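Quick notes on the structure that follows.
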Amino acid sequence: MDWKPRGPIVLVGTLDTKGHEVLFLKQRLSEMGAQTFVIDVGVLGGSPFEPDVSREEIAGEAGASIEELALKADRGEAIEKMAFGLAAWFSKRRDSIAGVLAIGGSAGTSIAAAGMRELPMGVPKIMVSTLASGNTRPFVGISDIAMFHPVTDFTGLNRLTRSMLANAANAIAGMCCLPLPAAETRGGPPVLAATMFGVTTPCVNRVRDLLERSGFEVLVFHATGTGGQAMEQLIRDGFIAGVVDITTTELADELVGGVLSAGPHRLEAAGKAGIPQVISVGALDMVNFGPPGSVPQEFRERRFYQHNPAVTLMRTTVDENARLGRLIAEKANAASGPTLILLPLHGVSTIDHVDQPFHDAEADAALFQAIRTHAKVGVVELDAHINDPEFAARAVEELLGLLKESGRKIVAP
């Protein structure tokens, strides 16, 4: 292998319980010519070898000591402190790490993933975890951590664990060694962001096509909570030059209590960064839940649409739409950069159309009127449905105008 590392591959593990497995990874990577850097995040017991970064140093990053954590014997506090310490350690070295490979059970995964989430997107991150076949959102969050399921627990090396760990080592080596395609590296066309849901796909696909023809690269984020969070993190990181926020549905889940909320600060990052943004109201006709049985009892008399067996959509009400309209207007008003709100007067999603199950002219009118009343930025109203071609064309036209108006030097990071 023609190894050209950008820096060391960091190995993370609780060496008191996973020391032999981490040593196996270190040896495998060394055989391939990779430089490794081992961090011990254990608290109790010894280690079969000396790490490059001790558990004492990681605990110190969190203002704690290993001796105190061990004496308290409070597993929850120990995990919290070591996770905080590792995150602090990584945050100081964001640009000097080639990649991270970690192994762990529930504790090790919580600690290692907290550190990985501090690294920029694109830095290879592999978490070999016994929890990888379950709900990984608490660990992955909005990061690009790859979760790898070892099938068996880490209780020593055997023919299966050796195979699984060797595959993980090979994977991180390939990620860190092999070059990315030229189009995936920095220095390409300016990057714009868009938000999409299944019910706004026709619109966003047209927007993306038109913007790409204009020389931009477009990142499309699925508005599932983590999608909106990921987009806004990239905005904060300075990666995005402008936003066409077609699908703001995550605000409805946050307001009403659905499962796809992006948190209370959704629709704020672009405004704070001062980058141009066109905001619309895509899929604000719905709140998301899981299977029908998961819908809270308080909503059982509402109007629903079964999107698929695992997704139940609930129609937003007149009152909820009025509150959402005011919320969008207030967030847009707070923006420091060029901002415009674009309204599709004939419906905000595929199923909010005449003869479709979520068509509700009164609810939509409440949404639009609240925006008209409270917005201090420009509001453009189109006599069109959100998925009509003319709506997508106008969204692109307005964003390109805002980009020009901003006077910012639009270059890729």
Problem - Residues located in segment 111-124, provided they are buried (at least 21 other Cβ atoms within 10 Å of the Cβ) and either touching a Leu at 6+ places or on another chain (Cβ under 9 Å) or in a helix (DSSP H, G or I) (or both) - result: Ile111, Ala112, Ala113, Ala114, Gly115, Met116, Pro124
Practice task
Look through Ala73, Ala107, Ala59 and report the one residue that is crowded, with 21+ Cβ neighbours inside 10 Å and either within 17 Å of Gly141 (Cα to Cα) or small (Gly, Ala, Ser) (or both).
Solution key: Ala59
Exercise for the section: Assess whether Phe49 counts as being surrounded by fewer than 20 Cβ atoms within 10 Å (Cβ to Cβ), in the same structural domain as Phe154 (by TED's automatic domain parsing), modelled with pLDDT under 95 and part of a strand (DSSP E or B). Expected result: no
Handout entry: Within segment 222-253, tally of residues that are polar (S, T, N, Q), within 20 Å of Val281 (Cβ to Cβ) and surrounded by fewer than 24 Cβ atoms within 10 Å (Cβ to Cβ)
Key = 2
Problem - Boolean, Leu255 is assigned to a helix (DSSP H, G or I) and touching a residue at least 24 places away in the same chain (Cβ under 8 Å) - result: yes
Handout entry: Selection status of Ala34, outside any helix (DSSP H, G or I), within 27 Å of the chain's Cα centre (by Cα) and crowded, with 20+ Cβ neighbours inside 10 Å
Key = no
Fill in the blank from the handout: Residue hits (segment 194-212; under 18 Å from Lys404 (Cα atoms) and either in contact (Cβ under 8 Å) with a residue 60 or more places away in the chain or out of contact with any strand residue (DSSP E or B) (no Cβ under 9 Å at 6 or more places or on another chain) (or both)) are Val207, Leu210, Leu211
Completion exercise
Of the residues in segment 7-61, those that are farther than 12 Å from Val100 by Cβ, hydrophobic (A, V, I, L, M, F, W, C) and in contact with a Gly (Cβ under 6 Å, 6 or more places away or on another chain) come to Leu15, Val22, Ile58, Ala59
Practice task
Report whether or not Val43 is hydrophobic (A, V, I, L, M, F, W, C) and at pLDDT 95 or above.
Solution key: no
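Yes or no, residue by residue, for (1) of a type outside the set (Val, Ile, Thr); (2) in contact with a Pro (Cβ under 6 Å, 6 or more places away or on another chain); (3) touching a residue at least 24 places away in the same chain (Cβ under 8 Å); (4) in a loop (DSSP other than H, G, I, E, B):
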{"residue": "Arg302", "(1), (2), (3), (4)": "yes, no, no, yes"}
{"residue": "Thr312", "(1), (2), (3), (4)": "no, yes, yes, no"}
{"residue": "Asn321", "(1), (2), (3), (4)": "yes, no, yes, no"}
{"residue": "Leu324", "(1), (2), (3), (4)": "yes, no, yes, no"}
{"residue": "Leu327", "(1), (2), (3), (4)": "yes, no, yes, no"}
{"residue": "Glu330", "(1), (2), (3), (4)": "yes, no, yes, no"}
{"residue": "Ala335", "(1), (2), (3), (4)": "yes, no, yes, yes"}
{"residue": "Leu340", "(1), (2), (3), (4)": "yes, no, yes, no"}
{"residue": "Leu343", "(1), (2), (3), (4)": "yes, no, yes, no"}
Practice task
Would you be able to say whether some residue in segment 286-300 is assigned to a loop (DSSP other than H, G, I, E, B), more than 15 Å from Ile341 (Cα to Cα) and in contact (Cβ under 8 Å) with a residue 24 or more places away in the chain?
Solution key: yes
Exercise for the section: Inspect segment 170-186 for any residue being among the polar types (S, T, N, Q) and in a loop (DSSP other than H, G, I, E, B) and give the result as yes or no. Expected result: yes
Problem - Residue in segment 360-369 that is among the small types (Gly, Ala, Ser) and either surrounded by fewer than 20 Cβ atoms within 10 Å (Cβ to Cβ) or not assigned by TED's automatic domain parsing to the domain that holds Val207 (or both) present - result: yes
Exercise for the section: Out of the residues in segment 213-242 that are among the β-branched types (Val, Ile, Thr) and part of a helix (DSSP H, G or I), state the one that is nearest to Gly401 (Cα to Cα). Expected result: Ile235
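Residues checked against (1) part of a loop (DSSP other than H, G, I, E, B); (2) in the same structural domain as Ser47 (by TED's automatic domain parsing); (3) in contact with a Phe, Trp or Tyr (Cβ under 7 Å, 6 or more places away or on another chain); (4) buried (at least 17 other Cβ atoms within 10 Å of the Cβ):
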| residue | (1), (2), (3), (4) |
| --- | --- |
| Val128 | no, yes, yes, yes |
| Asn135 | yes, yes, no, no |
| Phe139 | no, yes, no, yes |
| Ser143 | yes, yes, no, yes |
| Pro150 | yes, yes, no, yes |
| Gly156 | yes, yes, no, no |
Practice task
Considering every residue within segment 360-375, establish whether at least one is in a loop (DSSP other than H, G, I, E, B) and touching a residue at least 60 places away in the same chain (Cβ under 8 Å).
Solution key: yes
Exercise for the section: For Gly282, state whether it is within 30 Å of Phe239 (Cα to Cα), surrounded by fewer than 21 Cβ atoms within 10 Å (Cβ to Cβ), of a type in the set (Gly, Ala, Ser) and modelled with pLDDT of 95 or more. Expected result: no
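The values are calculated or read from the model by the stated rules, or taken from the named source; none is laboratory data. Because the structure is predicted, anything quoted here is derived from the model rather than measured. Note that we place each Cβ from the backbone using ideal geometry, even for glycine, and neighbour counts take in every protein chain shown.
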